[in-house]
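**Student:** Let me give you the structure first, and then I'll get to my questions.
Bear in mind these aren't lab numbers, they're just calculated from the coordinates by the rules spelled out. Keep in mind that this is a model prediction, so the values were computed, not measured. Quick reminder, even Gly has a Cβ in these numbers, built from the backbone with ideal geometry, and neighbours come from all protein chains shown.
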Amino acid sequence: MIGAFSQAARLRAAGILGINCRNARYTLVHNPRSLYGLVDDKLATKKLAADAGISVPDLYGVIEIQRQVRELPDLVSGYEDFVIKPAKGSQGEGILVVTGRARGLYRLADGQLMDAAALCYHVSTILSGVYSLGGQPDRAMIEYRIRFDPVFEALSYRGVPDIRIIVFVGVPVMAMVRLPTRLSHGKANLHQGAIGAGVDMATGRTLDAVWRGERIGEHPDTGERVHGVAIPGWPDLLRMAARCYELTGLGYLGADIVLDRERGPMILELNARPGLAIQIANGAGLRRRLQRVERERARLTGIDERVAFALSEFAAVGAC
């Protein structure tokens with residue numbers, strides 16, 4: 001018992017934000033429950049962002065009821081590749097990334113092949129709520145597959161990396177790049193085995209990473225060092241993330257951004273309850289950064305001021 005209290009005291013001293021503190025001081029205070037639907041439903045998020053002029057992956061179609069499932073092969077017949085995802089899914093569950101075709105079969109990001117019947121069955125399970133928050137009936141989205149920026153070519157295993165940025169009352173406070181692995185089956189989700197590489201907020205360069213709860217310096221599949229990769233257009237990504245505060249009204253959120261090699265940065269989704277492993281990836285706690293924003297909030301009125309504050313105040317300790 002004494003050891004547990006001692007460990008908790010060390011974490012507090014290091015500025016680590018725990019889940020109870022996150023919920024009590026940040027999500028409950030700054031995220032009105034009435035607004036959760038704007039981010040829990042990916043279709044709602046996509047429409048919100050698109051209406052505000054923020055780039056998102058193209059939507060090819062939506063399947064809402066079971067009798068529409070049989071129409072899936074025709075719906076995707078004009079696309080060589082595409083993504084199927086549950087509108088209300090979480091932690092990357094239920095997402096299928098189709099990268100091409102082979103002998104009438106669909107090739108998935110992890111190399112597996114799936115026939116039309118299996119694809120339709122998967123969509124049917126999405127509609128039944130297998131992957132949705134609370135197990136409620138859901139809708140299946142079919143959308144554009146990201147062709148990720150070549151800067152991540154050597155740091156990704158058969159999938160699309162994304163950049164998670166934590167935003168507090170419009171100020172980007174911490175970020176990580178999520179890198180797919182063999183274990184995650186090409187998905188950029190830490191819960192499924194992806195890597196989270198911290199990012200120096202001042203420069204947009206990657207730091208060391210966390211994988212399966214431990215700090216690492218190299219990608220386990222490619223062997224490439226994850227440290228020191230410069231993310232293109234870093235200040236613009238911070239501006240995109242900062243805009244999501246006004247976009248949703250949520251004061252504490254995670255913005256997931258992807259870099260397409262042709263279309264540039266796009267909002268993939270937003271999260272009202274972003275996880276806390278980002279602190280391990282960065283080797284730094286969130287609490288002090290959040291408290292600093294709280295102290296300076298009154299003067300950070302515009303997006304440019306908030307981004308400039310993030311760039312100047314949240315440099316990684318010891319970063320080059």
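**Student:** Taking a label point 7 Å from the Cα of Glu80 along the Cα→Cβ vector, which residues of the stretch 102-120 have an amide N closer than 20 Å to it?
**Tutor:** Label zone hits: 102-116.
**Student:** Using helices alone, what [θ] at 222 nm do you get for the chain, with -39,500 (n - 2.57) per DSSP H run of 4 or more residues, divided over all residues and rounded to the nearest 500? Show your work: numbers first, answer last.
**Tutor:** Working: 9 runs with 83 residues, N = 320.
Here the helix-only value at 222 nm equals -7500 deg cm²/dmol.
**Student:** Shifting gears a bit: Can you pull out the GluC sites (Glu not before Pro) in the stretch 70-118 whose DSSP state is coil and whose Cβ has at most 13 other Cβ atoms within 10 Å? Spell out each step's value before the answer.
**Tutor:** Values: sites: Glu71, Glu80, Glu93; in loops: Glu80, Glu93.
Answer by residue number: Glu80.
**Student:** Ranking request for peptides 288-298, 200-210: highest mean number of other beta-carbon atoms within 10 Å first, then the rest in descending order. Please list the in-between numbers first.
**Tutor:** Values: 288-298: 15.7, 200-210: 21.5.
Ranked from most to least packed, the peptides come out as 200-210, 288-298.
**Student:** Another question, then. Taking Cα pairs under 8 Å and at least six residues apart, what relative contact order does the stretch 51-195 come out at, in percent? Please report the intermediate quantities before stating the final value.
**Tutor:** Details: 280 pairs, mean separation 32.0, N = 145.
Once divided by the residue count of the stretch 51-195, the mean separation gives 22 percent.
**Student:** Multiply the residue gap between Glu305 and Asp58 by 0.36 nm, knock off their C-alpha separation, and tell me the result in nm, one decimal place. Let's see the in-between values first.
**Tutor:** Working: separation 247, 0.36 × 247 = 88.92 nm, distance 3.11 nm.
In short, 85.8 nm is gained.
**Student:** Looking at the stretch 101-164, which trypsin sites (Lys or Arg not before Pro) are in a loop (DSSP not H, G, I, E or B) and have at most 10 other Cβ atoms within 10 Å?
**Tutor:** On the way: sites: Arg101, Arg103, Arg107, Arg139, Arg145, Arg147, Arg158, Arg164; in loops: Arg103, Arg139, Arg145, Arg147, Arg158.
Listed in order of number, the matching sites are Arg103.
**Student:** Once the piece of chain linking Val130 and Tyr36 is laid out straight, how much longer is it, given 0.36 nm per residue of separation minus the C-alpha distance between them?
**Tutor:** On the way: separation 94, 0.36 × 94 = 33.84 nm, distance 2.01 nm.
Contour length minus the Cα-Cα distance gives 31.8 nm.
**Student:** What number of lysine-lysine pairs in the chain show an alpha-carbon separation below 16 angstrom, given a sequence spacing of 8 or more or placement on distinct chains?
**Tutor:** For the chain, the number of qualifying lysine pairs is 7.
**Student:** Now, a different point. Report the Cα centroid-to-centroid distance between the stretch 87-122 and the stretch 257-271 in angstrom, as an integer.
**Tutor:** Each part's Cα centre sits 21 Å from the other's.
**Student:** A follow-up question, please. Roughly speaking, what is the stretch gain from Asp236 to Glu262, that is 0.36 nm per residue apart minus the C-alpha to C-alpha distance, in nm to one decimal?
**Tutor:** On the way: separation 26, 0.36 × 26 = 9.36 nm, distance 1.60 nm.
Fully extending the segment from Asp236 to Glu262 adds 7.8 nm.
**Student:** While we're looking at this one, here's another question. Using a Förster radius of 30 Å, what is the FRET efficiency between Ala202 and Gln66 based on their Cβ-Cβ separation? Nearest 0.05, please. Please list the in-between numbers first.
**Tutor:** Working: r = 51 Å, r/R0 = 1.69.
Rounded to the nearest 0.05, the efficiency is 0.05.
**Student:** Between Cys120 and Arg288, how many nm apart are label points set 7 Å from Cα along the C-beta direction?
**Tutor:** With each label placed 7 Å out from Cα toward Cβ, I get 5.8 nm.
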